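The values are calculated or read from the model by the stated rules, or taken from the named source; none is laboratory data. If you're wondering where the values come from, they're calculated on a predicted model, not measured in any experiment. Virtual Cβ from ideal backbone geometry, glycine too; neighbours counted across all protein chains shown.
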Amino acid sequence: MAKMEPQPGIMQIKPYVGGASSIDGVANVIKLSSNENPFGPSPNAIDAFQRAGRELHRYPNTDHSALRGAIGEFHGLDPDRIICGVGSDEVITFLCQCYSGPETEVIYTEHGFSMYRISALAAGATPVKVRERDRMVDIDEILKAVTERTSLVFVTNPGNPTSTMVSHAELARLARELPDHVLLVLDGAYAEYVDGFDGGARLVEKYDNVFMTRTFSKMYGLGGLRIGWGYGSAEVIDVLNRVRGPFNLSMAQQAAAEAALRDREYVARCLAENTRLRSWLAEALAELGVPSDTSCTNFILARFASADEATACNEFLQEQGIIVRLVAGYGLPNCLRITIGDEASCRRVAHMIGRFKGGAPGSRLMLLDEDRMDDEGPE
């Protein structure tokens with residue numbers, strides 16, 4: 001009797017591992033490993049979620065019309081060209097399921113989101129990794145990697161875990177120079193952290209071979225609910241909807257996401273705090289000899305002298321009850337990705353990295369009073 005075997009590619013997948021959320025023996029940890037909004041979701045979103053609980057015996061609507069309408073209204077997009085999913089991860093899965101498969105190739109960059117490779121393998125496609133240059137997506141390297149078998153190209157912008165950003169002009173060049181049979185997917189999970197950035201929507205409007213994904217997990221603080229969306233041509237949306245499950249988003253998910261989107265005052269406050277604390281933390285660590293690229297996200301990628309130093313600092317921070325993210329699995333072994341938390345968390349992680357590094361004479365970190373970190377703001 002023949003042995004049961006999974007589809008080709010499945011056993012090549014290493015399951016995705018999210019940021020750690022606990023430390024053995026430590027009751028109250030500071031979690032800065034998953035790029036979550038430290039202020040949580042809008043109170044309006046929480047209220048909407050709770051109200052939806054009264055209707056848990058009802059099936060949700062299948063077309064997400066109210067949420068798509070709200071997204072379209074706020075971003076100036078055609079709601080009929082929007083698809084909603086269980087996080088942008090599910091939309092990425094739809095794209096690979098519909099546009100890749102055996103005998104096709106899916107391009108992603110060396111520091112790109114690991115779900116691109118996982119979703120490509122799950123669809124039976126061959127993932128093709130291209131190098132970046134100084135933690136920046138290199139458009140020329142992508143174009144060199146394109147073959148007749150290429151079906152999808154994934155670009156995260158701004159990048160994770162790099163935090164860097166590709167210009168609109170370079171992405172437009174990529175869209176123009178890709179062959180007609182290749183779909184360019186712009187992953188805009190962190191687009192909200194760049195003031196005035198549309199995540200690639202203008203490129204979707206101009207080029208039929210461009211698709212954009214977005215999420216409610218970052219700025220909107222709804223990572224625990226898993227809500228994402230995508231925007232593309234009517235033809236692509238029609239294809240994706242043919243594989244989307246009819247009830248993939250619950251009523252509670254849809255209601256909370258719409259309420260979060262409409263609370264613009266709350267989003268503005270979160271953005272302002274992230275911008276302020278991100279700048280402070282990057283400067284504080286730079287004084288200690290731990291540089292980072294200019295971040296366009298809600299985290300910084302702290303660079304250490306070596307992989308050993310990054311690992312040692314990570315272990316030291318864990319001993320102090322602080323969780324950050326080692327990113328060796330993303331090809332950055334000498335780096336730690338540090339989420340921008342609230343003010344107390346930013347001060348705490350900076351202070352502890354200062355202790356790990358031995359401080360620096362005259363550094364403002366040497367002047368911090370550890371006992372007052374919970375009630376003093378950064379400079």
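Picking from residues in region 259-292 that are in contact (Cβ under 8 Å) with a residue 24 or more places away in the chain and farther than 29 Å from residue 44 by Cβ, the one that is surrounded by the fewest Cβ atoms within 10 Å (Cβ to Cβ) is 289.
Just to check your reading of the model, which residue among 328, 257, 302, 272 is assigned by TED's automatic domain parsing to the domain that holds residue 62 and under 20 Å from the mean Cα position of the chain (by Cα)? Step through it out loud before you land on a result.
Working: 328 fails: assigned by TED's automatic domain parsing to the domain that holds residue 62; 302 fails: assigned by TED's automatic domain parsing to the domain that holds residue 62; 272 fails: assigned by TED's automatic domain parsing to the domain that holds residue 62.
When all the criteria are applied, what remains is 257.
For region 96-112, the criterion of being touching a Ser or Thr at 6+ places or on another chain (Cβ under 7 Å), assigned to a helix (DSSP H, G or I) and not assigned by TED's automatic domain parsing to the domain that holds residue 271 is satisfied by at least one residue. Of the residues that make up region 103-119, is at least one under 15 Å from residue 331 (Cβ atoms), in contact with a helix residue (DSSP H, G or I) (Cβ under 6 Å, 6 or more places away or on another chain) and touching a residue at least 60 places away in the same chain (Cβ under 8 Å)? Scanning region 103-119, I find at least one residue that is under 15 Å from residue 331 (Cβ atoms), in contact with a helix residue (DSSP H, G or I) (Cβ under 6 Å, 6 or more places away or on another chain) and touching a residue at least 60 places away in the same chain (Cβ under 8 Å), so the answer is yes.
Filter region 312-349 down to residues that are touching a residue at least 24 places away in the same chain (Cβ under 8 Å) and not in a loop (DSSP other than H, G, I, E, B), then give me how many there are.
Within region 312-349, the subset touching a residue at least 24 places away in the same chain (Cβ under 8 Å) is 312-313, 316-318, 320-325, 327, 329-349.
Retained after the next criterion (residues that are not in a loop (DSSP other than H, G, I, E, B)): 312-313, 316-318, 322-323, 325, 329-330, 335-339, 343-349.
Selection size over region 312-349: 22.
Kindly check whether there is at least one residue in region 34-53 that is loosely packed, with under 13 Cβ neighbours inside 10 Å and at pLDDT below 95. Yes, the conditions are met somewhere in region 34-53. All of 306, 295 fail the test of being polar (S, T, N, Q), modelled with pLDDT of 95 or more and buried (at least 23 other Cβ atoms within 10 Å of the Cβ), apart from 295. Looking only at region 250-305, residues that are among the basic types (Lys, Arg) and touching a helix residue (DSSP H, G or I) at 6+ places or on another chain (Cβ under 7 Å) come to 1 in all. Got a number for residues in region 83-95 being of a type in the set (Val, Ile, Thr), in contact with a Lys or Arg (Cβ under 8 Å, 6 or more places away or on another chain) and either surrounded by 23 or more Cβ atoms within 10 Å (Cβ to Cβ) or assigned to a strand (DSSP E or B) (or both)? Of the residues in that region, 1 qualify.
Sub-6 Å Cβ pairs linking a first residue in region 199-224 that is at positive phi to a second residue that is part of a helix (DSSP H, G or I), at least 6 apart or interchain, are 199/191, ordered by first then second residue. Pairing each residue of region 238-258 that is under 14 Å from residue 224 (Cα atoms) with any residue that is among the hydrophobic types (A, V, I, L, M, F, W, C) and surrounded by fewer than 17 Cβ atoms within 10 Å (Cβ to Cβ), provided the two are 6+ apart or on different chains, yields C-beta distances under 7 Å for 254/66.
Just wondering, is there one or more residues in region 138-151 that are in a strand (DSSP E or B), crowded, with 17+ Cβ neighbours inside 10 Å and in contact with a Ser or Thr (Cβ under 6 Å, 6 or more places away or on another chain)? Yes, region 138-151 contains a residue that is in a strand (DSSP E or B), crowded, with 17+ Cβ neighbours inside 10 Å and in contact with a Ser or Thr (Cβ under 6 Å, 6 or more places away or on another chain).
To keep it simple, each residue is scored yes or no on (1) within 18 Å of residue 72 (Cα to Cα); (2) assigned to a loop (DSSP other than H, G, I, E, B); (3) out of contact with any Asp or Glu (no Cβ under 6 Å at 6 or more places or on another chain).
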{"residue": "174", "(1), (2), (3)": "no, no, yes"}
{"residue": "180", "(1), (2), (3)": "no, yes, yes"}
{"residue": "226", "(1), (2), (3)": "no, yes, yes"}
{"residue": "230", "(1), (2), (3)": "yes, no, yes"}
{"residue": "238", "(1), (2), (3)": "yes, no, yes"}
{"residue": "244", "(1), (2), (3)": "no, yes, yes"}
{"residue": "253", "(1), (2), (3)": "yes, no, yes"}
